[in-house]
Amino acid sequence: MIVLLGTTSEQKIDIVKNVLREKHIDAEVKPLSVASDIPEQPFGEEVITKGSINRAQNAIRKIDSCDFSVGLEGGICIIDNALYYICVASIVGTDGKVYTGVGEKVLIPKQLIERLQDGEYFATLIREFEETVKNEGEDLRSVVHELVYRTQGFSKALENALDEYERSH
């Protein structure tokens, strides 16, 4: 099986390979540099979802000899007046059908909200913040770790998308 991946991020490549392996899907993952066609710092679940779909569609447009393509996108959304980070995975089949999954939403620490509202870039901000919480409680450190690496979020999102894909095939 050949699976295209709409990114060349080593972190995301590893996540996709691990999820496929855990689901017993024997696949060669082919990463491709593609555009998400959304803002660099996506805001809102609809925009984030669109970015994941665009990545998967743009990958399959580059190489059509595959079983399906995957797009991963993460970003910030507001839920009940709180800021959350979400991860979305989309699969595009060779028939053009789209299957999307969302990972768990992670509450953004209140220490970062004002700086985000001032327009600071989340990826840079969370990596800086990771350095300041090394001596904090385990709960805060684990939340920050997930916000930096997004392993659980993208894994769960891809599992959900794969479940949808497998149900239809």
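The values are calculated or read from the model by the stated rules, or taken from the named source; none is laboratory data. Just so it is clear, the model here is predicted, and its values are computed rather than measured. Note: ideal-geometry Cβ built from the backbone for every residue, glycine included; neighbour counts use all protein chains shown.
Below are the figures for this structure:
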read-out	value
Counted residues, the range 67-120 - those being without any contact (Cβ under 8 Å) to a residue 12 or more places away in the chain and touching a Lys or Arg at 6+ places or on another chain (Cβ under 8 Å)	0
The range 114-163 - residue that is of a type in the set (Phe, Trp, Tyr) and closer than 30 Å to GLY93 by Cα and, of those, modelled with the highest pLDDT	PHE154
Selection within the range 10-31 - surrounded by 13 or more Cβ atoms within 10 Å (Cβ to Cβ) and in contact with a strand residue (DSSP E or B) (Cβ under 6 Å, 6 or more places away or on another chain)	LYS12, ILE13, VAL16, LYS17, ALA27, VAL29, LYS30, PRO31
From THR100, THR132, THR94, residue being under 22 Å from LYS23 (Cα atoms) and exposed (fewer than 14 other Cβ atoms within 10 Å of the Cβ)	THR94
Where THR7 falls short, out of the listed (1) touching a strand residue (DSSP E or B) at 6+ places or on another chain (Cβ under 9 Å); (2) assigned to a helix (DSSP H, G or I)	(2)
Output for the range 150-169, where each listed residue is surrounded by 15 or more Cβ atoms within 10 Å (Cβ to Cβ) and either in contact with a Leu (Cβ under 6 Å, 6 or more places away or on another chain) or not charged (D, E, K, R) (or both)	THR151, GLN152, GLY153, PHE154, SER155, ALA157, LEU158, ASN160, ALA161, LEU162, TYR165
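Residue-wise test of (1) in a loop (DSSP other than H, G, I, E, B); (2) small (Gly, Ala, Ser).
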| site | (1), (2) |
| --- | --- |
| ILE38 | yes, no |
| LYS50 | no, no |
| GLY74 | no, yes |
| CYS77 | no, no |
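Residue by residue, here is whether (1) assigned to a helix (DSSP H, G or I); (2) hydrophobic (A, V, I, L, M, F, W, C); (3) under 19 Å from GLY44 (Cβ atoms) holds:
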| position | (1), (2), (3) |
| --- | --- |
| ILE91 | no, yes, no |
| GLY96 | no, no, no |
| THR100 | no, no, yes |
| LEU112 | yes, yes, yes |
| THR124 | yes, no, no |
